[in-house]
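The values are calculated or read from the model by the stated rules, or taken from the named source; none is laboratory data. Here the structure is a predicted model, which is why all the values come from computation and not from measurement. When we count neighbours, we look across all protein chains shown, and the Cβ atoms used for this are built from the backbone with ideal geometry, even at glycine. Ligands, DNA and RNA are excluded from the accessible area calculation, which covers all protein heavy atoms including side chains. Shrake-Rupley method; radii C 1.70, N 1.55, O 1.52, S 1.80 Å.
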Amino acid sequence: PLSTHTLWLQAKEGMEDACNELNIYCDWKGPTSIDTNEMDHVVLAGVLQKCDGIITQGVIDPALIEKGAEVGIPFVLVDSGIADASPLATITKDFTQQAELLLNDIEKTLGEEEKLYIGIQVSQLSFDLAQEQIEAVKEVFKKHKGGFEITAISESKSDKLHAREEWQKVLDRRMNVALNFAGENAAGCVEAMQQNGYQGTMLVYGVDDMEDTIQLIKEGKIKGSVVTSFYNYGYEAVYLLYDAVVNHKTLEDPVIGAQLQLIDKAYLNTKQELKR
């Protein structure tokens, strides 16, 4: 989906490592910015060239998965699935678990009685995974005794500059929690707060382990980030395809949960101590 993006390059590394272990050929293609039409063109080219399997994020036209199935090409979707599609497997985050990790940390900081005023930023609102993340927050946060209200929703197009600009537009609204569901968004949120001279108190959360996100967690400007292994997206997906194509194995459950962890300043300090 983003062929030169820091996180997706981790998936590329995992894919290449698995392919080297299995002595099979792999290729890495896709747009450098969010462009689902270009993704569809790349995937269609793979189908027409009769590749043995395709790994991609679940933001493509589901008809391509059907077209692949017609000629015996299995798909593995990573990071997000597609409703009403039937790939070989989907390796994805459990967005309910993600929301629970966030609520748990928020309540540890603010308590269970304070009302939460929440701003949310996703990568692109038209994506199923973006809507699923928002809906998971709405459902899970119902458990918060103090109640909650979502006061702003925006999209970043997976670009930090755009993320910052979109946060700048809504910082005048009442918020004490900012939930950022694309890798660049949390850093963009912090930059917006700094440039606007934001005087309020807000807990900023992100996803993924982008370098600037980790640094801002260390500095106490981002409260935490929910991370998973993009490397494993590439690595595990190759083995799933290999077992299906070469060993003719089938999966009992095609949905595979990606392990999630919320990392914060305390976790990073402990991690650093363990490294030493």
Within region 221-244, can one find any residue that is more than 15 Å from residue 119 (Cβ to Cβ), modelled with pLDDT of 95 or more, acidic (Asp, Glu) and open to solvent by 30 Å² or more (accessible area, probe 1.4 Å)?
yes
Please go through region 198-211 and pick out each residue that is open to solvent by less than 50 Å² (accessible area, probe 1.4 Å), in contact with a Ser or Thr (Cβ under 9 Å, 6 or more places away or on another chain) and not in a loop (DSSP other than H, G, I, E, B).
203, 205, 206, 207
Which residue pairs have Cβ atoms under 8 Å apart, sit 6 or more places apart or on different chains, and have a first residue in region 165-176 that is under 19 Å from residue 148 (Cβ atoms) and in a loop (DSSP other than H, G, I, E, B) and a second that is of a type in the set (Ser, Thr, Tyr) and modelled with pLDDT of 95 or more?
173/117; 173/151; 174/117; 174/151; 175/117; 175/151; 176/117
Taking region 1-59 and keeping residues small (Gly, Ala, Ser) and free of Cβ contacts under 8 Å to residues at least 24 places away in the same chain leaves 45
Can you find even one residue in region 178-197 that is polar (S, T, N, Q), under 26 Å from residue 128 (Cα atoms) and not in a helix (DSSP H, G or I)?
yes
Can you run down the residue pairs with Cβ atoms below 6 Å, 6 or more apart or on separate chains, where the first is in region 79-93 and free of Cβ contacts under 8 Å to residues at least 12 places away in the same chain and within 12 Å of residue 56 (Cβ to Cβ) and the partner is open to solvent by 20 Å² or more (accessible area, probe 1.4 Å) and basic (Lys, Arg)?
none
Mind checking which residues of region 155-192 are among the polar types (S, T, N, Q), surrounded by fewer than 20 Cβ atoms within 10 Å (Cβ to Cβ) and in contact with a strand residue (DSSP E or B) (Cβ under 9 Å, 6 or more places away or on another chain)?
176
Quick one: in region 81-128, which of the residues that are among the small types (Gly, Ala, Ser) and closer than 24 Å to residue 203 by Cβ is surrounded by the fewest Cβ atoms within 10 Å (Cβ to Cβ)?
111
Only one of these conditions is not met by residue 15: (1) under 25 Å from residue 124 (Cα atoms); (2) open to solvent by less than 20 Å² (accessible area, probe 1.4 Å); (3) part of a helix (DSSP H, G or I). Which number is it?
(1)
Under 14 Å from the mean Cα position of the chain (by Cα), on the phi < 0 side of the Ramachandran plot, crowded, with 16+ Cβ neighbours inside 10 Å and not in a helix (DSSP H, G or I) - does that describe any residue in region 129-149?
no
Consider residue 214 against the criteria (1) assigned to a loop (DSSP other than H, G, I, E, B); (2) open to solvent by 20 Å² or more (accessible area, probe 1.4 Å): it satisfies all of them except one. Which criterion is unmet?
(1)
Can you confirm whether region 38-54 contains a residue that is under 14 Å from residue 128 (Cβ atoms), open to solvent by 40 Å² or more (accessible area, probe 1.4 Å) and in a loop (DSSP other than H, G, I, E, B)?
no
